[in-house]
Amino acid sequence: MNLQVEEQAWAFARVSPLGSVVVVFNNAVSPASLDFDVRAARLADGATLVDRLAGGADARVIGGRVRLTLPARSAAIYAVR
């Protein structure tokens, strides 16, 4: 499911009975600040999301939303710690 779609950035979730992951891409030549709702992805408030692809900074679910900054021309795959 799409969580945020912009001209140069995209965030989506994959949800299964075993859990959810959030995948984000930034195709821009500058960092992208993303802020998206993850309630439909069944991610609980307070959950810490860990980047399993590039080892970037963790993200937290606060108020059903995730806010993060992704470096230029990068991607991340976040899973619950």
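Say we look at region 2-17 and pick out the residues that are open to solvent by 90 Å² or more (accessible area, probe 1.4 Å) and in a strand (DSSP E or B); which of these is farthest from Ala79 (Cα to Cα)?
Only one residue tops the list, namely Val5.
Within region 2-46, track down each residue that is farther than 20 Å from Ala57 by Cβ and touching a residue at least 60 places away in the same chain (Cβ under 8 Å).
Scanning region 2-46 gives a single hit, Gly19.
So, in region 37-49, exactly how many residues are over 15 Å from Ala11 (Cα atoms), in contact with a Lys or Arg (Cβ under 8 Å, 6 or more places away or on another chain) and open to solvent by 30 Å² or more (accessible area, probe 1.4 Å)?
2
Residue check: is Val66 among the β-branched types (Val, Ile, Thr), at pLDDT 95 or above and open to solvent by 60 Å² or more (accessible area, probe 1.4 Å)? Talk me through it step by step, then tell me what you get.
Details: among the β-branched types (Val, Ile, Thr): yes; at pLDDT 95 or above: yes; open to solvent by 60 Å² or more (accessible area, probe 1.4 Å): no.
The answer is no for Val66.
Of all residues in region 4-63, count the ones that are more than 14 Å from Arg81 (Cβ to Cβ) and of a type outside the set (Lys, Arg).
Summing the residues that are more than 14 Å from Arg81 (Cβ to Cβ) and of a type outside the set (Lys, Arg) in region 4-63 gives 37.
Could you list, in sequence order, the residues of region 18-36 that are surrounded by 12 or more Cβ atoms within 10 Å (Cβ to Cβ) and farther than 20 Å from Pro71 by Cα?
Matches in region 18-36: Gly19, Ser20.
The values are calculated or read from the model by the stated rules, or taken from the named source; none is laboratory data. Computed from a predicted model, the values in this text were never measured in an experiment. Backbone-built Cβ (ideal geometry, glycine too); neighbour counts: all protein chains shown. Heads up: the accessible areas ignore ligands, DNA and RNA and are worked out on the full protein's heavy atoms, side chains in. Shrake-Rupley method; radii C 1.70, N 1.55, O 1.52, S 1.80 Å.
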